[in-house]
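Visitor: Below is the structure I would like to discuss, written out as structure tokens.
The values are calculated or read from the model by the stated rules, or taken from the named source; none is laboratory data. Note that the coordinates shown come from a computational prediction; the quantities given were computed from them, not determined experimentally. Every residue, glycine as well, gets a Cβ built from its backbone with ideal geometry; the counts of neighbours run over all protein chains shown.
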């Protein structure tokens, strides 16, 4: 069983390649230089070149602020590429599993967004990802779109690594405290993507549609930062105060959703997949980055 993974160099793609897949599965993750997924001919050739059991698209343009000025690049990778992949996979009935984002929502409201809630993106990044979703839905009926949020890991640049670095460089941190969401481990998301892909590959009647995949629980960016700094300190890093600030005090080119909470009920009901609480996932990431907690008596208290 051959699985094609696109975006294998990113946080999620790296974890997909590192997963303990079943022995019958072989994962192929071509580098971007080897397969340009914005090139229709290249995509068609790659999809037709092997009887793929499933395709997982974890490739994306994720520079949220740069997307405001690099509109064409964002739309090429986030909208055109999924459209080409969906069309090519649909020709031979190959299931497509596609990663999307909380940024397709406008960030209003207090509760978690259901997977069928109306979307209203407020940024170029969000709009391009929403267009990619629509392309996948309309071109390939055998699809699963997994929206996620606040992805972190020991790889590439991300919020966990940034907070650990800043805690070692500064005596005090200021982090936005009025944006709410669900931190998500790239490793846990990769495991969910793999399980969904295998379901679709093995069962023609497997559920399709749009689902949400985030770790359990919620916090703010400030609460997340405090947990990261505290966890780093338990592993020998510096413990510094983290002050909460409003979004208005930290202006960015792209508008961030104030509410990024995602309801994962549909994923659990359709595939019996439920990601563990985010503080537990964070501990694993910190272990991989910094090593285990030095004083086991201080393990408790992780959270917002």
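Visitor: Consider residue 14 against the criteria (1) within 19 Å of the chain's Cα centre (by Cα); (2) buried (at least 20 other Cβ atoms within 10 Å of the Cβ); (3) under 26 Å from residue 209 (Cβ atoms); (4) touching a residue at least 60 places away in the same chain (Cβ under 8 Å): it satisfies all of them except one. Which criterion is unmet?
Guide: Failed condition: (3).
Visitor: So which residues in segment 201-225 are touching a strand residue (DSSP E or B) at 6+ places or on another chain (Cβ under 8 Å), assigned to a helix (DSSP H, G or I) and surrounded by fewer than 24 Cβ atoms within 10 Å (Cβ to Cβ)?
Guide: Within segment 201-225, 201, 222 qualify.
Visitor: Name, by its number, the condition in (1) within 24 Å of residue 267 (Cβ to Cβ); (2) crowded, with 23+ Cβ neighbours inside 10 Å that does not hold for residue 198.
Guide: Here residue 198 meets the rest and fails (2).
Visitor: Kindly indicate the residue of segment 139-164 that is farther than 29 Å from residue 228 by Cβ and without any contact (Cβ under 8 Å) to a residue 60 or more places away in the chain and also surrounded by the fewest Cβ atoms within 10 Å (Cβ to Cβ) among those meeting that condition.
Guide: So the residue we want is 139.
Visitor: Would you mind finding the one in 244, 231, 237 that is touching a helix residue (DSSP H, G or I) at 6+ places or on another chain (Cβ under 7 Å) and surrounded by fewer than 18 Cβ atoms within 10 Å (Cβ to Cβ)? Break it down into steps so the answer makes sense when it comes.
Guide: Working: 231 fails: surrounded by fewer than 18 Cβ atoms within 10 Å (Cβ to Cβ); 237 fails: surrounded by fewer than 18 Cβ atoms within 10 Å (Cβ to Cβ).
Unique residue meeting the criteria: 244.
Visitor: Every residue in segment 45-64 that is farther than 29 Å from residue 150 by Cβ and surrounded by 15 or more Cβ atoms within 10 Å (Cβ to Cβ), please. Before you say what the answer is, go through the steps one by one.
Guide: Taking segment 45-64 and keeping what is farther than 29 Å from residue 150 by Cβ, we get 45-53.
Residues satisfying the conditions are 46, 47, 52, 53.
Visitor: Which of the residues spanning segment 111-133 are part of a loop (DSSP other than H, G, I, E, B) and either closer than 16 Å to residue 213 by Cβ or touching a strand residue (DSSP E or B) at 6+ places or on another chain (Cβ under 7 Å) (or both)?
Guide: Residues of segment 111-133 that are part of a loop (DSSP other than H, G, I, E, B), as a first pass: 111-112, 114-123.
Matches in segment 111-133: 112, 114, 115, 116, 117.
Visitor: Name the residue, out of 12, 5, 25, 43, that is in contact with a strand residue (DSSP E or B) (Cβ under 8 Å, 6 or more places away or on another chain) and over 21 Å from residue 267 (Cα atoms). Quick ask: steps written out before the conclusion?
Guide: Values: 12 fails: over 21 Å from residue 267 (Cα atoms); 5 fails: over 21 Å from residue 267 (Cα atoms); 43 fails: in contact with a strand residue (DSSP E or B) (Cβ under 8 Å, 6 or more places away or on another chain).
Matching residue, one of 12, 5, 25, 43: 25.
Visitor: Now a separate question. Taking residue 90, is it part of a helix (DSSP H, G or I), in contact (Cβ under 8 Å) with a residue 12 or more places away in the chain, surrounded by fewer than 21 Cβ atoms within 10 Å (Cβ to Cβ) and over 23 Å from the mean Cα position of the chain (by Cα)? Even if it seems obvious, please write down each step before you answer.
Guide: Details: part of a helix (DSSP H, G or I): yes; in contact (Cβ under 8 Å) with a residue 12 or more places away in the chain: yes; surrounded by fewer than 21 Cβ atoms within 10 Å (Cβ to Cβ): yes; over 23 Å from the mean Cα position of the chain (by Cα): yes.
Judged against the criteria, residue 90 is a match.
Visitor: Condition (residue is modelled with pLDDT under 95, surrounded by 15 or more Cβ atoms within 10 Å (Cβ to Cβ) and not in a helix (DSSP H, G or I)) applied to segment 289-299: is it met by at least one residue?
Guide: Yes.
Visitor: Are any of the residues in segment 138-147 within 24 Å of residue 279 (Cβ to Cβ) and either at pLDDT 95 or above or in a helix (DSSP H, G or I) (or both)? Can you show your working first?
Guide: The first filter runs over segment 138-147 and keeps only residues within 24 Å of residue 279 (Cβ to Cβ), leaving 146-147.
Add one more test, that the residue is either at pLDDT 95 or above or in a helix (DSSP H, G or I) (or both), and what stays is 146-147.
Yes, the conditions are met somewhere in segment 138-147.
Visitor: Those residues that are under 27 Å from residue 74 (Cβ atoms) and not in a loop (DSSP other than H, G, I, E, B), I need them from segment 236-265; list them, please.
Guide: Residues satisfying the conditions are 247, 248, 249, 259, 262.
Visitor: A further question follows. Can you find, within segment 165-195, the residue that is nearest to residue 285 (Cα to Cα) among those that are surrounded by fewer than 18 Cβ atoms within 10 Å (Cβ to Cβ) and free of Cβ contacts under 8 Å to residues at least 12 places away in the same chain?
Guide: From segment 165-195, those surrounded by fewer than 18 Cβ atoms within 10 Å (Cβ to Cβ) are 165, 168-172, 174, 178, 195; that's our starting set.
Within this subset, residues satisfying the condition of being free of Cβ contacts under 8 Å to residues at least 12 places away in the same chain are 165, 169.
Working: 165: 15, 169: 20 Å.
Checking each candidate, the answer is 165.
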